[in-house]
Amino acid sequence: MEKKRHSLSGVFWLLTGLSCLTTICLQMTVTALPLWTVNRGYDTAAAGLSTTVCTLTALFFRPAGAGVLRRWGEKNGAVLGAVLYVAVFLLYLPCSSLWFLLVLRAVQGVGMSLLTTALGSLVTACLAPEDRTQGMGYFGLGNAVALSAGPSLGLLLSQGDNFQGLFLAGAALSGVILVSLLALRGKAAPGKAEAPEESGRETGEKNPRGASFWKLSKESGALWPSGLSMLLIFCQMALSTCLSFWGKENGMEDVSLFFTVNLLGMIVSRLFLGNLCRRVGERIPAVSAAVLLAVSYLLLGVWMNPVSLWISGVLYGFGYGILYALLNGAAVKFSREENRAAANAVFFGAKDLGTALGSAAWGAAQSWGLGGGMYGIGAGVSLLAGLLYARPGAALRGKKARG
């Protein structure tokens, strides 16, 4: 029985790989397209707009995207997203104007919204409830690795203003996603999210498929952990946006070591998280992770040097790797087939919102000269998020939301 609980299917690993490719394709454009924009004579504000348009489009499309997945099925929705990805990368090739680029970025945002929500839903469907924390931990780890690999690959492929090679590579990787999805069969590729009679009796709805997105989101139990994950991502953007500037203020030109050891710590934490939660539950890991995050931020804020950077990176990797995986698992843990897409849409939408708000807020804080104070704020908010998740009864919110 125990062996069965530890088993993750081949379909799970395939879907995780496809999610990684989706993230890599996106992150290649996040780093390279601002360079494309500047090299064609536009200012840095326009360069930043190319990223903002994609993120905001994905965010606002997610409720509609969840409806598409419920009507067409997760697999069909993912296929549509992959088709949009392939088309956008091919249309990048002849693109020469900023306005056409922004239109393509908006279309890519729609494709990203469909792909990430659908793949998250398909992964949820192929995981047994007792395996969801561990499975979503590995799923998130794959995306974290892709998040680091994508920008590097984008810069490598676009060296010497060779954006054609970048776009062709993106089209090829998107084609791999599309072909793999078309070949997908079995339980992980359900059709339309039919509302079974049992679900109708549980919810008291005569027609659950006609329920609104927000009603389904509430019933899935995803709102609470998604809100906490948004706080976590919001704080993380203080590192992505401002750590290099804070390092220079303290005489450190290169802070890449932080992100390297951060990724290593995240990988190690995900490897033992599933077994740890089965033995001690989720409250102890959640509180421990929140404390590690707080200490990491405080080290950066008050003691910025190569030694503290290394220590802070390791602590952050462990803390973030554990807490984000717990929140991701909690967001889908109690979802049923008819609200699975809504649960994933809410969780990924919270990530989009945290990214957008965090980038703007911490960028402004940097210009105001807040300095190390922003990492004190990050410590407090991250600690609060972990404690709110770990408090007695918080883990049952999803069950209560189901009614």
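The values are calculated or read from the model by the stated rules, or taken from the named source; none is laboratory data. Only a predicted model underlies this, so the values are computations on that prediction, with no experimental measurement involved. For neighbour counting, all protein chains shown are included, and Cβ atoms are generated from backbone atoms with ideal geometry for every residue, glycine included. Just so you know, the surface numbers come from the protein's heavy atoms only, side chains and all, with ligands and any DNA or RNA stripped out. Shrake-Rupley method; radii C 1.70, N 1.55, O 1.52, S 1.80 Å.
Please work out if residue 331 is open to solvent by less than 20 Å² (accessible area, probe 1.4 Å), under 19 Å from residue 135 (Cα atoms) and in contact (Cβ under 8 Å) with a residue 40 or more places away in the chain. Here the answer is yes, as residue 331 does meet what is asked. In the set (1) out of contact with any Ser or Thr (no Cβ under 6 Å at 6 or more places or on another chain); (2) more than 25 Å from residue 214 (Cβ to Cβ), residue 333 fails one condition alone, (2).
Just one residue in the set 373, 349, 378, 313 is open to solvent by less than 40 Å² (accessible area, probe 1.4 Å) and within 17 Å of the chain's Cα centre (by Cα); that residue is 349. Inside the range 293-304, can you point out the residues that are open to solvent by 10 Å² or more (accessible area, probe 1.4 Å) and either aromatic (Phe, Trp, Tyr) or more than 14 Å from residue 375 (Cβ to Cβ) (or both)? Matches in the range 293-304: 303 only. For residue 41, the criteria (1) in a helix (DSSP H, G or I); (2) at pLDDT 80 or above hold in every case but one, which is (1). For residue 80, state whether it is aliphatic (A, V, I, L, M), over 17 Å from residue 36 (Cα atoms) and at pLDDT 85 or above. Against the criterion (aliphatic (A, V, I, L, M), over 17 Å from residue 36 (Cα atoms) and at pLDDT 85 or above), residue 80 qualifies.
Within the range 37-62, the set of residues being in contact (Cβ under 8 Å) with a residue 24 or more places away in the chain, surrounded by fewer than 21 Cβ atoms within 10 Å (Cβ to Cβ) and more than 30 Å from residue 123 (Cβ to Cβ) comprises 39, 40, 42, 46, 49. Residue-level analysis places residue 287 outside the set of residues that are modelled with pLDDT of 85 or more and open to solvent by 60 Å² or more (accessible area, probe 1.4 Å). For residue 360, the stated conditions hold: it is within 25 Å of residue 217 (Cβ to Cβ), assigned to a helix (DSSP H, G or I), open to solvent by 10 Å² or more (accessible area, probe 1.4 Å) and without any contact (Cβ under 8 Å) to a residue 60 or more places away in the chain.
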